[in-house]
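Asker: First the structure, then my questions, so here it is.
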Amino acid sequence: MPRKTNAIQEDTMGRFEGKVAVVTGAGAGIGKACALAIAREGGRVVVADIDGSGAIACTAQIKAEAGHALALAMDIADAQAVAALFETAERHFGGVDLLVNNASAMHLTPRDCAILDLDLAVWDQTIATNLRGTLLCCRQAIPRMIARGGGAIVNMSSCQGLSGDTAQTSYAASKAATNMLSASLATQYGHAQIRCNAVAPGLIMTERLLAKLDECMQRHLRRHQLLPRVGRPEDVASLVAFLLSDDAAFITGQVVCIDGGMLAHVPTYADGGNSRAARPAGDTAEAAAAPRC
Ligand SMILES: NC(=O)c1ccc[n+]([C@@H]2O[C@H](COP(=O)([O-])OP(=O)(O)OC[C@H]3O[C@@H](n4cnc5c(N)ncnc54)[C@H](O)[C@@H]3O)[C@@H](O)[C@H]2O)c1
């Protein structure tokens, strides 16, 4: 059966035909790409975001491509709002089969910094949103998935949940804990045909990240990748769609990195001349000329 990869087409079957998905943080970036990917393969999507205008814009794009979606403005850190999100999904689309816990709070340095300098309010807010918010969504989804004979969950983690850093202590801890939450869920509800995996992106160039990271930092991060291009939201959406689909029917409890190889090499890779030896000419020149900032 041909798969839909671009605009939604009524005449071909997709992997999510008949499925209902909830995607949090779907008003922008990776979450939006995930919502579009699911809708393009026939899924009906509840597009949840703290930014209502982003959720509405994503829903409008899905509908313009003849897909089915519903926008909801909500905060995943608010238990009542999370309950209302899943009640709405059930009322509007009849249940929940798929969940992408993508929304996150992320404070860059200097707010989310090294342990001794860290403002505990930043720690509390990050954990409350990223970890507790993800747990709240899972707790709403699990009984509804059981009622439909199973389901699939992807929790958005990060490479920063797999390695130490000089800053972003709260964010990294929340993502590492998300990995274990995913493994616990997979362990506890696999018998009920619920699969749960975590996806750990490296540097993915969303509009908001582009605005936050200066050129020097972007170049620095790219130098540590093995592949000579930046990651895109659609790269992550393809992986999420695979993990949600029956193509991944025997995969659960895993943390899957999607980072262009950032975590796959020895720490000396970037400083050891990778750009001169192994990269295509255009990229080599750029990387070689770049200040080591
Ligand atoms: N972009 C990257 O390089 C990267 C790398 C690693 C991990 N991630 C993870 O991927 C996910 C998406 O990141 P992104 O780069 O697309 O971010 P983004 O800022 O582009 O989009 C995040 C969306 O989530 C929404 N959101 C934020 N807090 C929310 C809340 N409390 N409740 C509901 N919605 C909320 C925002 O309004 C926004 O629309 C996050 O979990 C992030 O930690 C991203």
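Asker: Can you find a residue in region 195-210 that is among the charged types (D, E, K, R) and free of Cβ contacts under 8 Å to residues at least 24 places away in the same chain?
Answerer: No, that holds for no residue.
Asker: Looking for whichever is on the phi < 0 side of the Ramachandran plot and within 17 Å of the chain's Cα centre (by Cα) here; the options are A114, A128, A55. Which one fits? Steps first, please.
Answerer: Details: A114 fails: within 17 Å of the chain's Cα centre (by Cα); A128 fails: within 17 Å of the chain's Cα centre (by Cα).
Answer to the check: A55.
Asker: Against the definition (in contact with a strand residue (DSSP E or B) (Cβ under 6 Å, 6 or more places away or on another chain) and touching a residue at least 60 places away in the same chain (Cβ under 8 Å)), how does S182 come out, yes or no? Let's see the steps before the verdict.
Answerer: Numbers: in contact with a strand residue (DSSP E or B) (Cβ under 6 Å, 6 or more places away or on another chain): yes; touching a residue at least 60 places away in the same chain (Cβ under 8 Å): yes.
Against the criterion (in contact with a strand residue (DSSP E or B) (Cβ under 6 Å, 6 or more places away or on another chain) and touching a residue at least 60 places away in the same chain (Cβ under 8 Å)), S182 qualifies.
Asker: Would you check if H224 is modelled with pLDDT under 95, within 14 Å of the ligand (Cβ to nearest atom) and farther than 12 Å from N155 by Cα? Talk me through it step by step, then tell me what you get.
Answerer: Details: modelled with pLDDT under 95: yes; within 14 Å of the ligand (Cβ to nearest atom): yes; farther than 12 Å from N155 by Cα: yes.
Judged against the criteria, H224 is a match.
Asker: Hey, among the residues in region 146-177 that are surrounded by fewer than 21 Cβ atoms within 10 Å (Cβ to Cβ), in a loop (DSSP other than H, G, I, E, B) and not small (G, A, S), which one's farthest from the ligand (Cβ to nearest atom)?
Answerer: Applying the filter and picking the extreme gives R148.
Yes/no matrix, rows are residues, columns are (1) buried (at least 21 other Cβ atoms within 10 Å of the Cβ); (2) within 14 Å of the ligand (Cβ to nearest atom); (3) among the β-branched types (V, I, T):
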position	(1), (2), (3)
V96	yes, no, yes
V100	yes, yes, yes
L108	no, yes, no
C113	no, no, no
W123	no, no, no
T126	yes, yes, yes
L135	no, yes, no
R144	no, no, no
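Asker: Six or more apart or on different chains, Cβ under 9 Å: which pairs go from a residue in region 81-110 that's on the phi < 0 side of the Ramachandran plot to one that's aromatic (F, W, Y) and part of a loop (DSSP other than H, G, I, E, B)? Could you list them?
Answerer: Every condition considered, the pairs that remain are D97/F16; L98/F16.
Asker: Between A37, A71, which is within 12 Å of the ligand (Cβ to nearest atom) and either of a type in the set (G, A, S) or touching a Pro at 6+ places or on another chain (Cβ under 8 Å) (or both)? Reasoning before the result, please.
Answerer: Numbers: A37 fails: within 12 Å of the ligand (Cβ to nearest atom).
One residue alone meets the criteria, A71.
Asker: Could we say that S184 is within 16 Å of the ligand (Cβ to nearest atom) and among the hydroxyl-bearing types (S, T, Y) here?
Answerer: Values: within 16 Å of the ligand (Cβ to nearest atom): no; among the hydroxyl-bearing types (S, T, Y): yes.
No, not satisfied.
Asker: Of all residues in region 40-61 being more than 15 Å from the ligand (Cβ to nearest atom) and not small (G, A, S), which is nearest to Q140 (Cα to Cα)?
Answerer: R44
Asker: Just checking, how many residues over region 221-274 are of a type in the set (D, E) and assigned to a helix (DSSP H, G or I)? Talk me through it step by step, then tell me what you get.
Answerer: Of the residues in region 221-274, the ones of a type in the set (D, E) are 234-235, 246-247, 259, 271.
Keeping just the survivors that are assigned to a helix (DSSP H, G or I) gives 234-235, 246-247.
Here the count works out to 4.
The values are calculated or read from the model by the stated rules, or taken from the named source; none is laboratory data. Keep in mind it's a predicted model, so treat the numbers as computed, not measured. Methodologically, a virtual Cβ is constructed for each residue, glycine included, from the backbone with ideal geometry; neighbour enumeration extends over all protein chains shown.
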